[in-house]
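Here is the structure we will look at.
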Amino acid sequence: MNVVQRGRLPLWLKVVFTLWILFWAPAVAIKVGVQNYLWLCNLANFLLLVGLWAESRLIISMQWLATALVGSLWALDAGVAWVSGWHPIGGTEYMFDANTPLGVRLLSLYHLILPLVAGVGVARLGYAPRALVWQTVLTWLAVPAAFLLTEPWRNVNWVHGPFGAPQNLLDPVVYLIGLMLAWPLLLYLPVHLVTRWLSRRIRR
């Protein structure tokens, strides 16, 4: 059951995150275009803002699923590449590409912050198990929307190939369906299971 609990999140967190969005959203629109809002991690910014002010367990839990593992893998790939020049996973090559504007690279550092913000929200309000279903539905809307509404070179949500690289092995529709299945199974479900296990341990 989704229960909205008032007064459990610090006001300073809400205000700071609001100021971040007021800076980040227009900067993204100017630097790379509003189409990039369809990235699931970018949608997480907007949804977390709503979730923080509404103190909604469901919305914040959804964005915990969206950012916890993705943000951790992003940080791992960027961190290892920063130290060694090797990308163990891929997807953060643009962070070390001189052709990518510095402002765009700095804006991408939010990948390190979103899991922390969502994690604080879940720790304070609790985890809503229904988040897995709702975040999956959101993904199944955002992925086809990115495929239909954005230019292929943007590869938003990797709808044209994994880790930013185009793929030619599969029919585009077959690949898209596989991507829509893989995203919740590989990225959301593990976080959901671990979070539910931890929640039970804490309650005991």
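The values are calculated or read from the model by the stated rules, or taken from the named source; none is laboratory data. Everything numeric in this text was worked out from a predicted model, so none of it was measured. Surface accessibility is based on the protein's heavy atoms, side chains included, excluding ligands, DNA and RNA. Shrake-Rupley method; radii C 1.70, N 1.55, O 1.52, S 1.80 Å.
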Long-range HN-HN contacts of Ala128 with modeled amide H, under 5 Å: Ser61
Most mobile of Val156, Val143, Val104 in a GNM of the chain (Cα contacts under 10 Å): Val104
Most to least accessible of Arg154, Arg8 (protein chains only, probe 1.4 Å): Arg8, Arg154
Relative contact order (%) - the chain, alpha-carbon pairs under 8 angstrom, separation at least six: 26 percent
Additional length obtainable on full extension of the chain from Val80 to Ala54, 0.36 nm per residue less Cα span: 5.7 nm
Per-residue ³J(HN,Hα) for segment 79-84, Karplus 6.51 cos²θ - 1.76 cosθ + 1.60, θ = phi - 60°, Hz, x for Gly and Pro: x, 5, 5, 5, 7, 10
Nearest 10 degrees, 0 to 90: helix 131-149 Cα axis against the chain principal axis: 30 degrees
By accessible area with a 1.4 Å probe, ligands and nucleic acids excluded, highest first: order of Ser108, Ser84: Ser84, Ser108
Note, ³J(HN,Hα) from phi for segment 65-75, Karplus 6.51, -1.76, 1.60, rounded to Hz, x at Gly and Pro: 5, 6, 10, 4, 6, 4, x, 5, 5, 4, 5
